[in-house]
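Peer 1: What follows is a structure written as structure tokens; I'll ask about it next.
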Number of protein chains: 2
Amino acid sequence: MHNPLSSGVPNSARGKVLVVGSIGIDCVKTPLGEANDVLGGAATYASVSASFFAPVLLVGVVGDDFPSAYLDLLASHGIDLQGLQRANGETFRWSGFYDYDLNQAHSLDTRLGVFASFHPTLPASYLDAEYVLLANIDPELQLEVLEQVRKPRLVACDTMNFWISGKRDALVDVLGKVDLAFMNDAEARQLTGTMSIVKAAREILRMGPSYVVIKKGEHGATLFSATDTFSVPAYPLEEVPDPTGAGDSFEGGVLGFIAYSGDISEHGLRKGVVYGSVMASFNVEEFSLRRMLRLSHSEIAARYREFKRLAFFEALEDAGDLEAL
Amino acid sequence: MHNPLSSGVPNSARGKVLVVGSIGIDCVKTPLGEANDVLGGAATYASVSASFFAPVLLVGVVGDDFPSAYLDLLASHGIDLQGLQRANGETFRWSGFYDYDLNQAHSLDTRLGVFASFHPTLPASYLDAEYVLLANIDPELQLEVLEQVRKPRLVACDTMNFWISGKRDALVDVLGKVDLAFMNDAEARQLTGTMSIVKAAREILRMGPSYVVIKKGEHGATLFSATDTFSVPAYPLEEVPDPTGAGDSFEGGVLGFIAYSGDISEHGLRKGVVYGSVMASFNVEEFSLRRMLRLSHSEIAARYREFKRLAFFEALEDAGDLEAL
């Protein structure tokens, strides 16, 4: 198994990314195929994605039915599994499908299994993690993680419609404690009760985070701060066999790159958002994590260059043609 | 009335843009207001938008009920009205509304009026127009214009769902004769019978044009050629009072800028697509053409700079951070 961390910048030079969220087994059907009993879960996608850039510390739980091959696979990506609990019972399972609107997952069955009684306990070696990604999970569990970490440089969170309607207070509490909030457009609208994505983003910023990234699937992503906006298009793919995990691998790429570069300035975040888009674009090319598991750094670097070309029309410092008028 | 052509680059240095399409009177209702009996029509929006960059030659027809104030308004923007026929009968009228999905116009009433028996006859002074925009109109009329112009440097066309289903053969004929096709995402899907916008664009390119621009409303626009792709995000507006004419003012901006710069290379087109996005972003800020009619060149230049900032993450020539790995 390819270990992406075996070459390049030494681990010690990079900040570590702590990822908490679901680890599960998925059954997914899309117009282009299906995959059954495959590795899934928000934290899984995010961890593997981040692992291409920085060391990852995983926090979550699996049941006693979780295939050891999947654990080996995570370990082979250099992901630290000390914070992964093994509990008696069934691993978290999700079954769903996508129609032609790939931005909309339709859940057929969600079984929390061992997640129903899970509480994160961070190993001592995790407590000084510099970057924290609270991937999609119960916001009360996200808060439990935040109570344990000491002084992270940057904390990011994700959520979903289920928590926005069911645990709004806890979620607002989380938003008050993070630096960066990830949300897709529908979630941002739901949380704020406004149709305008720009207004919704501004309202979320007022809840606490310094940055909000609105994920728009095939339409790319937009990073908002109080004073600035950055939009990156999605990579133009002819086909998207399976959008599952796109948002999670995006977030893993953002946090991973920030940990790699150590740059938490707005400019660093912009680049992180592009690397996140790179990772998401690879992830959706095949079912489950198949594409990411055979991805190389040179492919990531090449697609990043393609993103630069995709968005380029004039150097920032050049005067526009109409300036002369 | 402000004449945008009165300052800056002399007209003689710029190519002229011939615009053919509907000129009409609209009644529009949106969640943020309504406007009745206002100036509208694809060619109107496109002409006024293009007039900020280059001299415009308008081809179309109005009825004897068309307010002379609207003619004065077009003339005050330096738009040549020699090709505008005045016929006995009612001017083209469109009534419609938008719900919260601003990408979807709902037509309540469309009355062709004098457009039902219209055939374009180009004045002699129009025949050498270098740039031609076949704005949304019956593709058979678009073909009649193409039969008359002599040697345009660049021809672009737009269309709509009505012609895709009703006059497909004529439309395919048009597509075989243009350099640049504008279409929104739904139209591209309808024309090609594919859900994938990337596949649809490639299929449209095979029909003839060297370039296709897919307009995606609040999600920006993407320019496709056989070998390259360029995406520009939409300008992040908090509110969009009236999306009517967004696509037309976009196209007018693209053609106007290309005529202004004379640059029909792919790089020139990329910049044109951004200036088009600038014009569309202003146009939707108010009902009808109100915002465009009090727009200045310095506002256009400033928003173009904002677009550069909106899309910037790294200079094209810089090595990506992962290149070192």
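Peer 1: So B:Ser261 passes all but one of these: (1) of a type in the set (Ser, Thr, Tyr); (2) at the interface with chain A (Cβ under 8 Å from one of its Cβ atoms); (3) surrounded by fewer than 16 Cβ atoms within 10 Å (Cβ to Cβ). Which condition number does it fail?
Peer 2: (3)
Peer 1: Here's another thing I want to ask about it. Can you confirm whether B:Glu251 is more than 11 Å from chain A (Cβ to nearest Cβ) and in contact (Cβ under 8 Å) with a residue 40 or more places away in the chain?
Peer 2: Taking the combined requirement at face value, the residue satisfies it.
Peer 1: Given the criteria away from every other protein chain (no Cβ under 11 Å) and in a loop (DSSP other than H, G, I, E, B), does A:Ala226 qualify?
Peer 2: For A:Ala226, the condition - away from every other protein chain (no Cβ under 11 Å) and in a loop (DSSP other than H, G, I, E, B) - is met.
Peer 1: With the checklist (1) at pLDDT below 95; (2) not in a helix (DSSP H, G or I) in hand, flag the one item A:Met183 doesn't pass.
Peer 2: So A:Met183 meets the others, but not (1).
Peer 1: Out of B:Pro233, B:Pro243, report the one residue that is closer than 25 Å to A:Val198 by Cβ, touching a His at 6+ places or on another chain (Cβ under 8 Å) and within 14 Å of another protein chain (Cβ to nearest Cβ).
Peer 2: Exactly one of B:Pro233, B:Pro243 is closer than 25 Å to A:Val198 by Cβ, touching a His at 6+ places or on another chain (Cβ under 8 Å) and within 14 Å of another protein chain (Cβ to nearest Cβ), namely B:Pro233.
Peer 1: Another question, if that's okay. Would you point out the residue of segment B:94-121, among those that are of a type in the set (Ser, Thr, Tyr) and free of Cβ contacts under 8 Å to residues at least 40 places away in the same chain, that is surrounded by the most Cβ atoms within 10 Å (Cβ to Cβ)?
Peer 2: Among those that are of a type in the set (Ser, Thr, Tyr) and free of Cβ contacts under 8 Å to residues at least 40 places away in the same chain, it is B:Thr110.
Peer 1: Something else: Considering each residue of segment B:25-41, count those that are out of contact with any strand residue (DSSP E or B) (no Cβ under 6 Å at 6 or more places or on another chain) and either farther than 17 Å from B:Glu285 by Cα or assigned to a strand (DSSP E or B) (or both), and give that number.
Peer 2: Qualifying residue count, segment B:25-41: 3.
Peer 1: Scanning for something charged (D, E, K, R), in contact with a helix residue (DSSP H, G or I) (Cβ under 9 Å, 6 or more places away or on another chain) and more than 24 Å from B:Gly21 (Cα to Cα), does segment B:233-249 turn up at least one residue?
Peer 2: Yes.
Peer 1: Scan segment B:146-198 residue by residue and report those that are of a type in the set (Lys, Arg) and crowded, with 18+ Cβ neighbours inside 10 Å.
Peer 2: The one that is of a type in the set (Lys, Arg) and crowded, with 18+ Cβ neighbours inside 10 Å: B:Arg189.
Peer 1: Inside segment A:110-155, can you point out the residues that are among the aromatic types (Phe, Trp, Tyr), part of a helix (DSSP H, G or I) and under 15 Å from A:Phe92 (Cα atoms)?
Peer 2: Across segment A:110-155, the qualifying residue is only A:Phe115.
Peer 1: Residues of segment B:197-223 being facing chain A (nearest Cβ under 8 Å) and within 20 Å of B:Gln104 (Cβ to Cβ), which ones?
Peer 2: Selection gives B:Ile197, B:Lys216, B:Glu218, B:His219, B:Gly220, B:Thr222.
Peer 1: List, please: which pairs have Cβ atoms under 7 Å, are six or more places apart or on different chains, and start with a residue in segment A:272-289 that is free of Cβ contacts under 8 Å to residues at least 24 places away in the same chain and end with one that is buried (at least 24 other Cβ atoms within 10 Å of the Cβ)?
Peer 2: Qualifying pairs under 7 Å: A:Gly272/A:Val254; A:Gly272/A:Phe257; A:Gly272/A:Ile258.
The values are calculated or read from the model by the stated rules, or taken from the named source; none is laboratory data. Given the structure is predicted, the values throughout are model-derived calculations rather than measurements. Every residue, glycine as well, gets a Cβ built from its backbone with ideal geometry; the counts of neighbours run over all protein chains shown.
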